[in-house]
Amino acid sequence: MIDELQLFRGQDYIINEHITIHQPTLNEICDFGELRYYNMVYILTATPSQYKVPLFDMGVDYESISDFDLFILLSKHFTFEDTSILFGNLDFSKFELMFNEDKQPILIDFENDIAIDNMIYTFIVDYIRAIHFIEKQVDKAGNAHTKQYLIDRERRQLERKSKKQQKSVLIPLISAMTNCEQFKYNHDDVWNLHIYVFNDSVRRIQKIKNYDQVMQGAYSGCIDLKKIELESISWLGNLD
């Protein structure tokens, strides 16, 4: 279980004696390289539903492969430099695919006596998704026709995306927050915020602004509060 208060405090997540995930600050992400960082994050947390086209081209049905199986395929291409900002000296390229007594896949770094099974993998990706507010994507096709449609649609999206220059995820958010009256950090000290705290602030301020707009609408007679569940818009509520 992830301790949400420790998450909010920016503490590192200790999975076991060998694997600790560091929660980076904006400054660390900037120094590491933002695009490099987010590409790594999205690959590590990817689901087969997000790799429909590559898997199809490999002759693999994306609905027949598990999340952990995809992680095994993708993570082996990372060196410790690629993931050092999150995992320190953990080197995914050293892991070898083995099978336990139940014939379940397991990654093992024999040199450092480290193992990653499906449970450890789940701890890893749940934490990385949590600090970046990434929702797990799962697409289920009802039939073969729908599945082919989803694959073809993703292929078109990938083609369009490949023609566009990759843009910063953080610049518009940092710019908006440091120019927002509710955000208590300026351009100089925002860089010290851990990524979860910053992402939480973005969503919290959105919730506060939404609450203020609803209340203004109610006071002006444009919105009937009886038709709104106030707990859902309360700026003190959870961000779920």
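A compact table of results
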item	result
Dimensionless Rg ratio for the range 32-97, taking C-alpha atoms and the 2.2 N^0.38 Å reference	1.17
Longest to shortest principal axis, alpha-carbon extents of the chain, angstrom	65, 46, 38
Probe 1.4 Å, all protein chains present, accessible-area order of LEU86, LEU35, largest first	LEU35, LEU86
Environment charge at SER93 (Cβ cut-off 14 Å; Lys +1, Arg +1, Asp -1, Glu -1)	-4
Mean separation of Cα contacts under 8 Å (6+ apart) over length of the range 22-115, as relative contact order %	21 percent
Accessible carbon and sulfur surface of the range 83-156 relative to its total accessible area, %, 1.4 Å	49 percent
Only Lys, Arg (+1) and Asp, Glu (-1) charged, at Cβ; the range 65-109 dipole about Cα centre in debye	60 debye
Helix-only mean residue ellipticity at 222 nm for the chain, each DSSP H run of n ≥ 4 adding -39500 (n - 2.57), per residue, nearest 500	-15000 deg cm²/dmol
Three principal axis lengths of the range 1-141 [C-alpha, angstrom, descending]	42, 34, 28
Whole-number percent relative contact order across the chain, with pairs defined as alpha carbons under 8 Å at least 6 apart	22 percent
Cβ-based net charge around PHE32, under 15 Å, with every Lys or Arg adding one and every Asp or Glu removing one	-4
Debye log10 I(q)/I(0) for the range 115-213, one point scatterer per Cα, at q = 0.17, 0.23 Å⁻¹	-1.01, -1.12
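The values are calculated or read from the model by the stated rules, or taken from the named source; none is laboratory data. Everything numeric in this text was worked out from a predicted model, so none of it was measured. With ideal geometry, Cβ positions are generated from the backbone for all residues, glycine too; neighbour counts draw on all protein chains shown. Just so you know, the surface numbers come from the protein's heavy atoms only, side chains and all, with ligands and any DNA or RNA stripped out. Shrake-Rupley method; radii C 1.70, N 1.55, O 1.52, S 1.80 Å.
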